[in-house]
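Single-structure report; data block below.
The values are calculated or read from the model by the stated rules, or taken from the named source; none is laboratory data. Being a predicted model, the structure only gives us computed values, none of them experimental. Glycine also receives a Cβ, built like all others from the backbone with ideal geometry; neighbour counts cover every protein chain displayed.
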Amino acid sequence: MIHSLFLINHSGDIFLEKHWKSVISRSVCDYFFEAREKAVDPENVPPVLQTPHHYLISIYRGKLFFLSVIQTEVAPLFVIEFLHRVADTIQDYFGECSEGIIKDNIVTVYELLEEMLDNGFPLATESNVLKEMIRPPTILRSVVNTLTGSSNVGDTLPTGQLSNVPWRRAGVKYTNNEAYFDVIEEIDAILDKSGTTVFAEIQGVIEACVRLTGMPDLTLSFMNPRLLDDVSFHPCVRFKRWESERVLSFIPPDGNFTLMNYHVSSQNLVAIPVYVKQSISFFETGPCGRLDITIGPKQTMGKTVENMMVTIHMPKAVLNANLTATQGTYTYDLTTKVLVWDIGKLNPQKLPNLRGSLSTQVGVPKPEDNPSLNIDLKIQQLAISGLKVSRLDMYGEKYKPFKGVKYLTKAGKFQVRT
Amino acid sequence: MAISFQLFFLELFYTTNAHTNFNSNSSSSCGSSQPAWLKYIYPLNSQKCTTLVLHLNMTSPTVYPLCVEQTTGVVVQPQLFSVPRNEDLKEMLESNKESLKLEAMKRIVGLIAKGKNSSELFPAVVKNVASKNIELKKLVYVYLVRYAEEQQDLALLSIRLFSVSLALRVLSSIRVPIIVPIMMLAIKEAAADLSPYVRKTSAHAIQKLYSLDPDQKEQLIEVIEKLLKDKSTLVAGSVVMAFEEVCPDRIDLIHKNYRKLCNLLVDVEEWGQVVIISMLTRYARTQFTSPWTEGATFDENNEKTFYDSDSEEKKEQTEAKPYIMDPDHRLLLRNTKPLLQSRNTAVVMSVAQLYWHLAPKHEVNIVTKSLVRLLRSHREVQFIVLQNIATMSIQRKGMFEPFMKSFYVRSTDATHIKTLKLEILTNLANEANISTILREFQTYVKSQDKAFAAATIQAIGRCATNISEVTDTCLNGLVLLLSNRDETVVAESVVVIKKLLQTQPTQHSEIIKHMAKLFDNITVPMARASILWLMGEYCERVPKIAPDVLRKMAKTFTAEEDIVKLQIVNLAAKLYLTNSKQTKLLTQYILNLGKYDQNYDIRDRTRFIRQLIVPNEKSGALNKYARRILLAPKPAPVLESAFKDRDRFQLGTLSHSINSKATGYQELSDWPAVAPDQSVRNVEVIEPVRNPSSSHTPYHKSDSESEEESSEESEKTSTDSGKSSSGSENSSSESESEQKKKKKTKKAPQKKSKPTAVTTPSFGPVKTYELLHHMTGKGLSAKYHFPRQPCLYEPSMVAVQVILTNSSDHSLEEIHIGERSPAGLNIHCFNTIERLEPEASVTVSMGIDFSDSTQAANFQLCTKENQFSVSIQPAVGELLMPSTMTEQDFTKEQGKLLGMNETSATITMATANTSSQAISKQVLSVANVGVVSSSQNNFHRFAGRTVSSGALVLVSLELKESSSALLTINTEKSVMASMLLRDLKQALTQA
């Protein structure tokens, strides 16, 4: 299975290595660097590489490469999924997954890696279980530790791993018992030049934050579960109950977790919350072009659209942009050729507009096609698919928990072709 | 190119340290015998491997900076790493303060993580292995595991220190051959441990020991065999992993555990699921016959044939009967299906490949949605999933066609993702959707990513050849692209048009003319060559233009690229043959130029062409055929997918991903023409009987635990079979049962060998009752017991196993079940046993619906000659099946069943029965219930459901002082409650 792991930063330095079997020289990474060089963009590095004696499977997360070395046949997704789990765990422990934070906590990271894999086979990847064995650092604890010399390594076997609910640790206690659920939906869409929808779908996720004492057994039911077309669950959800009754019944892990991912059936027409009027053109004569974008609300269900942002990857030939925005600010990055227009709240009375001229390189033929617009937006208190949680029941514990559900709609991969 | 320098501080010792390392992590590279003149050849991680040869004349340890040219463009600060610091660490490690030691260890682990060498600290570190501080200990382990291989002697010393607390995981991670025997012992011991966690660790250790010393294979296989029997979900994944690593070819070990693994699968941790599924895929391909046969029938409800059809498969093959899926095959498919909803993408993918490789064709579709869902995941996941979809979509367009839009490309996708999506879209194209796809392609062609645009043009070409309706449209579209500004786009279009014209050699002279006009503006050699080739090939269609093109080319010949030159020579030759009047001189000129070209390919070609086309005395018979050689009609190139032959690899594997066989890849075998004996898997039915004879019984804790687990499992299967087998009774057609009878004739002798193992039930809860004594039965004797398995025929039935023995001196024929009373009694009979030889016995399973009452089921057991009335009277405890619930659930449910539904009694316990194990044992011997884990010591709880109606039966036992106890039963079936109470009371009070 997974033989070794190298963490490589953006500029190509290996700053952490871990070997689960015998040690493999870091020179094996040269093949990776070669591919990295060839790929121009870090996103374009092929995830699976073949070298004479090893196979390299890598992921790119947070400007870091997690490069694993494999020697024999293994399902590549197995490795990729695991590497992402490592990144998730680091993020969960330290709040972010970056070179700096890993270097600062190198010992804890190393201990985590030691626990997560045994001889290349995943051992404990549940964050609840790991936290029992290796406690995440907090300011208070590090102060206490330095004063008393005690450690952040748990001295017990993970109790959760032995029970039939391995994702939950035993003996959880809170003074305030609360369970919050965020229903977050993302609209993936491609609109064409004229504004018609080429493709649109809604992907949703329910993020939960559950802090409940003891072993609560929760049941979450929906007003309209029929909307959900395809779902995937956290292992805690009882699939049988879902199949028969369309309710989510589960003993939750402690803390934050993703309860379910869902896809809204494609029969339902997807409401597109905004429309975009745009014209980008480059002139045949003279080194310049024109840009004019207006955005307005379309189907917002009476809510306001916030955090509007438009990102455009300009053609290489565009040297600079000289624009005026009626609302928000725009920036144009000269090296990456990315134009970002940060609009903020969308005001239906006064539609935001960005217009002006683009200067292009002299002597270079005008760009063949127009760049597409990537749109970002947020709508609070709305699940665009119309999904509604009807109730949350708790069994198995006596106390009354505080419950809350929040809805949020975001733009996922929302693209307007021009 | 930016040139920068990276500084490397190489620390070199000339002392006699046996393991001098660079800050590389390779194991030692030079022995002590080498002189201080050290020659290191050390590849650095720059793009070009720079070889360094150092000549150092050293008198003292020194730090030498080295400058290495590197192309990454970053200046790295030299990291100071020098001797004094390590001395420092050594001092800290030898101090008395825990905190100092801990600090030192942390720094050392930091060094390891960075790949720095700290092996000289080994002695100092190892001393701390016996420390009481758990974190310190863990860090020492980390260090030990990293360096043990290099410092074997010292590592051995340390083993003695920590073997007290025998941490198998660390022990097994130390790759020192000498400890193999110790490891072997430890593994064997751990494999029989009470805690499933420890058993899991031992499964992991098996692989490590195997990689350390493959000679131990045989012994390890024994351990694997034992662990495979384990019922804990925790162990299953790890042991299958070990199996895959050590002895993947020992398929025979799986047989007996096959059904158990299938049933446990849902509860195994996600990584284990992936491994088990891939193993089961291989297993199934060797054990079942292909469900892909023509005219196959896919009967969901054929669980009927579960036990009584050993040779069925064989029969079917020979008689070419409609295909009936092996129930075990179905079991696998059914139990893996829920895993499509897993959050783990690897699990979803492995289920998808299982369905792809094992399921009947029309069932594969259920994986589509889940695979498409994975496309929302990380970039790397998308890449792998798209690769697999690309392979699948070649064979099965229909699967992904409804999801076509999910493969639309976004400008933000990575290039390799875009190309894969394009590949899939092309595969999915058919007459109905081609216009949509082409419209989509039009936007892609304009993409700024030119490599992608080129790939799109290729894709258009493929669509055009595959779907004849759109060939013209595509061709026109491509011709329009010829006036594109971008060179690569034009070049690619030319190449594709060339291929298209070849497949469609009709009237396309317009296009060729158009291309000839554009020729001057095209600079990409491949495109130029393609146009020239087209001119030559179809020179008779463009008789005026071709010679003119040749004239132009003659002028620029010397400046052209090699492939273009070759095509110029070709064109010249072809024109010479068709139109020698106009082109004779030009051809001569070109051939002369070619004769003196620098490239020998071109010189060769020129010489060859000259001999072929220009008649002279030397050229022989070939000359006559020159025209036929050069202007022969050429087969059109086939434009096909790059994923065409990927299906030779199992989907989802690394080999599939890299399109070449990876080390350790195991070929998926073809379906056997005749299924191997399927009775080998039948063991599970009588497993409770067998279990105690296997060696890991002596402890009681795991007893109750495995009970619990199996009950969980059985609940699952019962609901499952409830779903699928309902109505199987009615649906089985006449012909089918007849057919089965025929098979029986062959089967009976096979069965003979088995029962010997069955007839000795020694396991506590399983009691055997007499059904028919051989005296009254004229030689036929029958015994029965309740296997406590969920009944496979109908969930409301109680499974009964009957052992029929022939103690007479002649064979008995046609043993079957005759009349039954009460008349409405619902019995699932065993199939008629055609013949039972003297002294032979056979075990058959029946299902009886007792409707939750202890009323006896009376029926007649018939042979050919006689009929015997027999009756089965179930003990009340056998009418239950275990139910798993948490303690909270239990108390909650108990709260609902108070008053009338509660029956209780105070009993005086026999002194032998006061331990919790004894209580569980006694209760379980009486009733088929599940143990509910309890947080209080003096409370014991058991839960079950009645088989027929599914009513809850909750048993709780509260121990009071001086061996008295309060036994309470809560259930709405009050009659059962009182009977159960009586039985339990008896069991618990007797010694």
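Odds and ends about this structure:
- For segment A:289-302, filtered to residues that are crowded, with 16+ Cβ neighbours inside 10 Å and at pLDDT below 85, the residue that is nearest to the other protein chains (Cβ to nearest Cβ) is A:G289.
- Matching residues, segment B:374-409, being at the interface with chain A (Cβ under 8 Å from one of its Cβ atoms) and either among the β-branched types (V, I, T) or in contact (Cβ under 8 Å) with a residue 12 or more places away in the chain (or both): B:R379, B:V381, B:F383, B:I384, B:V385, B:S406, B:Y408
- The one condition in (1) touching a residue at least 60 places away in the same chain (Cβ under 8 Å); (2) within 25 Å of B:E667 (Cα to Cα); (3) among the basic types (K, R) that B:K217 fails to fulfil: (1)
- Test: A:K277 is in a strand (DSSP E or B), among the basic types (K, R) and within 30 Å of B:L438 (Cα to Cα): yes
Matching residues to (1) within 20 Å of the chain's Cα centre (by Cα); (2) over 18 Å from B:K256 (Cα atoms):
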residue	(1), (2)
B:K188	no, yes
B:S195	no, yes
B:L212	no, yes
B:Q216	no, yes
B:Q219	no, yes
B:V223	no, no
B:V240	yes, no
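To keep it simple, each residue is scored yes or no on (1) surrounded by fewer than 18 Cβ atoms within 10 Å (Cβ to Cβ); (2) closer than 30 Å to B:R820 by Cα.
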{"site": "B:E865", "(1), (2)": "yes, yes"}
{"site": "B:L880", "(1), (2)": "no, yes"}
{"site": "B:T886", "(1), (2)": "no, no"}
{"site": "B:G895", "(1), (2)": "yes, no"}
{"site": "B:N901", "(1), (2)": "no, no"}
{"site": "B:A905", "(1), (2)": "yes, no"}
{"site": "B:M909", "(1), (2)": "no, no"}
{"site": "B:T914", "(1), (2)": "yes, no"}
{"site": "B:Q922", "(1), (2)": "no, no"}
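- Of all residues in segment B:122-140, those that are within 8 Å of chain A (Cβ to nearest Cβ) and assigned to a helix (DSSP H, G or I) total 5.
- Condition met for B:K200 (part of a helix (DSSP H, G or I), touching a Ser or Thr at 6+ places or on another chain (Cβ under 7 Å) and among the charged types (D, E, K, R)): yes
- Test result for A:L49, surrounded by fewer than 23 Cβ atoms within 10 Å (Cβ to Cβ), among the aliphatic types (A, V, I, L, M), touching a helix residue (DSSP H, G or I) at 6+ places or on another chain (Cβ under 9 Å) and more than 7 Å from chain B (Cβ to nearest Cβ): yes
- Filtered by the rule that a residue be among the hydroxyl-bearing types (S, T, Y) and in contact with a helix residue (DSSP H, G or I) (Cβ under 6 Å, 6 or more places away or on another chain), segment A:225-256 gives A:S232, A:S249.
- Out of B:T419, B:T412, sole residue that is part of a loop (DSSP other than H, G, I, E, B), closer than 30 Å to A:H84 by Cα, within 14 Å of chain A (Cβ to nearest Cβ) and not charged (D, E, K, R): B:T412
- Those residues of segment A:280-292 which are under 15 Å from A:N322 (Cβ atoms) and not in a strand (DSSP E or B), in sequence order: A:F283, A:G286, A:P287
- For A:V28, the conditions (1) within 7 Å of chain B (Cβ to nearest Cβ); (2) outside any strand (DSSP E or B); (3) aliphatic (A, V, I, L, M); (4) more than 20 Å from the chain's Cα centre (by Cα) all hold with the exception of (1).
Quick grid of which residues meet (1) buried (at least 23 other Cβ atoms within 10 Å of the Cβ); (2) at pLDDT below 90:
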| site | (1), (2) |
| --- | --- |
| B:S311 | no, yes |
| B:K315 | no, yes |
| B:S342 | yes, yes |
| B:V348 | yes, no |
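- Among the numbered conditions (1) touching a Pro at 6+ places or on another chain (Cβ under 8 Å); (2) away from chain B (no Cβ under 14 Å); (3) surrounded by fewer than 21 Cβ atoms within 10 Å (Cβ to Cβ), the only one that A:H313 does not meet is (2).
- Looking only at segment B:814-832, residues that are touching a Leu at 6+ places or on another chain (Cβ under 9 Å), surrounded by fewer than 21 Cβ atoms within 10 Å (Cβ to Cβ) and at pLDDT 80 or above come to 2 in all.
- Boolean, B:K624 is assigned to a helix (DSSP H, G or I), modelled with pLDDT under 80 and surrounded by fewer than 17 Cβ atoms within 10 Å (Cβ to Cβ): yes
- Scanning segment A:220-248 for residues that are acidic (D, E) and either loosely packed, with under 14 Cβ neighbours inside 10 Å or in a loop (DSSP other than H, G, I, E, B) (or both) turns up A:E243, A:E245.
- In segment A:221-235, the residues that are touching a residue at least 40 places away in the same chain (Cβ under 8 Å) and more than 10 Å from chain B (Cβ to nearest Cβ): A:S221, A:F222, A:M223, A:N224, A:L227, A:L228
- Restricting segment B:890-916 to residues that are among the hydroxyl-bearing types (S, T, Y) and more than 52 Å from the chain's Cα centre (by Cα), the residue that is nearest to the other protein chains (Cβ to nearest Cβ): B:T906
- When A:K240 is tested against (1) modelled with pLDDT of 85 or more; (2) under 22 Å from B:V266 (Cβ atoms), exactly one condition is not met: (1).
- Close pairs from segment A:20-35: first touching a residue at least 40 places away in the same chain (Cβ under 8 Å), partner of a type in the set (S, T, N, Q) and assigned to a loop (DSSP other than H, G, I, E, B), Cβ under 9 Å, at least 6 apart: A:W20/A:N119; A:K21/A:Q71; A:K21/A:N119; A:I24/A:Q71; A:I24/B:N25; A:I24/B:S26; A:V28/A:T51
- Note on segment A:59-87: residues that are part of a loop (DSSP other than H, G, I, E, B), of a type outside the set (V, I, T), in contact (Cβ under 8 Å) with a residue 24 or more places away in the chain and at the interface with chain B (Cβ under 7 Å from one of its Cβ atoms) total 1.
- Any hit, segment A:303-310, residues being among the hydroxyl-bearing types (S, T, Y), away from chain B (no Cβ under 14 Å) and either without any contact (Cβ under 8 Å) to a residue 24 or more places away in the chain or buried (at least 17 other Cβ atoms within 10 Å of the Cβ) (or both): no
- Exclusive hit being in contact with a Cys (Cβ under 6 Å, 6 or more places away or on another chain), aliphatic (A, V, I, L, M) and surrounded by fewer than 23 Cβ atoms within 10 Å (Cβ to Cβ), set A:A35, A:A87, A:A39: A:A87
- Within segment B:870-926, the set of residues being without any contact (Cβ under 8 Å) to a residue 12 or more places away in the chain and part of a loop (DSSP other than H, G, I, E, B) comprises B:S915 only.
- Elements of type helices (runs of 4 or more DSSP H) in segment B:521-617, at least 3 residues being more than 24 Å from B:L481 (Cα to Cα) and out of contact with any Asp or Glu (no Cβ under 9 Å at 6 or more places or on another chain): B:545-556, B:562-578, B:580-595, B:600-613
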